[in-house]
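The values are calculated or read from the model by the stated rules, or taken from the named source; none is laboratory data. Just so we're clear, the structure is a prediction, and the values are computed from it rather than from any experiment. Heads up, the Cβs are rebuilt from the backbone with ideal geometry, glycines too, and the neighbour counts pull from every protein chain shown.
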Amino acid sequence: MNKSDLIEALAKQADLPIRKSEEIVNLVFDTMSKALIAGDRIEIRGFGSFMVKTYQGYVGRNPKTGEKIEVTEKRLPFFKTGKELKEKVDGEE
Amino acid sequence: MTLTKADIAKKIADDCGFMKGEATEIVEKLLDIIKARLIAGEDVMISGFGKWTVKAKHSRRGRNPQTGEELILDARRVVTWKYSPVLKKSVNTGSSESGQ
C-alpha cells in the first residue's frame, strides 16, 4: 500500500471526498515528520512509537587506504511496534 | 515533548475544519487501515516519511540472557519501519520540505 492507496481507503472508510482525504493524510504525516525533526517522540497507543536517536561523530578510517575520515554526528528516526499491533501481526497467517 | 493521537486529531480539527470528535474518528480510521494492511502481511509505504514492512523470522535457538538457559524461539512475524531518505535529511538539517 502506498500513500495514494491510503488516501483512497480513508476517503471510502470515512466517507470523505478524495481531496479532503488527501489533505488529511498529508497533514498527519507532515505533523509526525515535524515532531521528529524537532526531536520529539511520537506515541500512538496500539500502533507504535517513534523516536530520534542521536549518534555521535567519530574519526573513522578508510580501511583500504588508512586515510582518516571525520564522520559527523547524525540523527536517525526509529519505530517501535506497539504491543497490540505486534501481537496481531504475529497472530494471523 | 511527545506527540500523541490526540495532538494529531487536534491538528486535523484545527486545520481541516472538523469537530474534535470527527477528527479523532478519522485518525482512528487512518491508523486502522494501516494496521489492517500490516496484519494482512502487506507493506505500507508513505513517500517522504517511511515504509513499514512485515518480516518473517525463522525459529531459532536463543538463550535467556539472565539464566543462560537455552530455549527455542518460535518463527514469528514482525513489523519494521525504515525512514525515507527525505525524512532522514530533514531530521538532520532541522528543516522540513513542506508542500508535496
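Restricting attention to the range A:64-93, which residues are closer than 16 Å to B:E42 by Cβ and either among the polar types (S, T, N, Q) or within 7 Å of chain B (Cβ to nearest Cβ) (or both)?
Within the range A:64-93, A:T81, A:L85, A:K88, A:V89, A:D90, A:E92 meet the criteria.
Testing B:A40 on (1) in contact with a Pro (Cβ under 9 Å, 6 or more places away or on another chain); (2) loosely packed, with under 12 Cβ neighbours inside 10 Å, one condition comes back false. Which one is that?
B:A40 satisfies every listed condition except (1).
Assess whether B:L87 counts as being touching a residue at least 12 places away in the same chain (Cβ under 8 Å) and within 20 Å of the chain's Cα centre (by Cα).
Here the answer is yes, as B:L87 does meet what is asked.
Pairs needed: first member in the range A:5-18, within 17 Å of B:T24 (Cα to Cα); second member anywhere, at pLDDT below 95; C-beta distance under 9 Å; at least 6 residues apart or different chains.
As it stands, the answer is none, since no pair meets every condition given.
Return yes or no: is B:K20 surrounded by 12 or more Cβ atoms within 10 Å (Cβ to Cβ), modelled with pLDDT of 95 or more, over 21 Å from the mean Cα position of the chain (by Cα) and within 30 Å of A:D15 (Cα to Cα)?
yes
Taking the conditions exactly as written (in contact with a strand residue (DSSP E or B) (Cβ under 7 Å, 6 or more places away or on another chain) and on the phi < 0 side of the Ramachandran plot), does B:K89 satisfy them or not?
Against the criterion (in contact with a strand residue (DSSP E or B) (Cβ under 7 Å, 6 or more places away or on another chain) and on the phi < 0 side of the Ramachandran plot), B:K89 does not qualify.
Which of the following residues is of a type in the set (S, T, Y), without any contact (Cβ under 8 Å) to a residue 60 or more places away in the chain and in contact with a Phe, Trp or Tyr (Cβ under 9 Å, 6 or more places away or on another chain): A:S21, A:S49?
One residue alone meets the criteria, A:S49.
With (1) within 7 Å of chain A (Cβ to nearest Cβ); (2) under 16 Å from A:F47 (Cα atoms) as the list, and B:A36 as the residue in question, which single condition is left unmet?
So the condition that B:A36 fails would be (1).
Scan the range A:51-65 and give yes if some residue there is at pLDDT 95 or above and surrounded by 13 or more Cβ atoms within 10 Å (Cβ to Cβ), otherwise no.
The answer is yes; a qualifying residue exists.
From (1) buried (at least 19 other Cβ atoms within 10 Å of the Cβ); (2) without any contact (Cβ under 8 Å) to a residue 40 or more places away in the chain; (3) in contact with a helix residue (DSSP H, G or I) (Cβ under 6 Å, 6 or more places away or on another chain), pick out the condition that doesn't hold for A:P77.
(2)
Starting from residues that are under 21 Å from A:R19 (Cβ atoms) and more than 8 Å from chain A (Cβ to nearest Cβ), keep the ones in the range B:1-17 and report whichever is surrounded by the most Cβ atoms within 10 Å (Cβ to Cβ).
Taking the candidates together, the pick is B:A9.
Within the range A:30-45, can one find any residue that is farther than 17 Å from B:K51 by Cα, in contact with a helix residue (DSSP H, G or I) (Cβ under 6 Å, 6 or more places away or on another chain) and at pLDDT below 95?
no
For the range B:10-33, check the following and say yes or no: at least one residue is charged (D, E, K, R) and in contact with a strand residue (DSSP E or B) (Cβ under 6 Å, 6 or more places away or on another chain).
There is no residue in the range B:10-33 that is charged (D, E, K, R) and in contact with a strand residue (DSSP E or B) (Cβ under 6 Å, 6 or more places away or on another chain).
Please find, within the range A:1-25, the residue that is nearest to the other protein chains (Cβ to nearest Cβ) out of those that are out of contact with any helix residue (DSSP H, G or I) (no Cβ under 8 Å at 6 or more places or on another chain) and either closer than 27 Å to B:S90 by Cα or acidic (D, E) (or both).
A:N2
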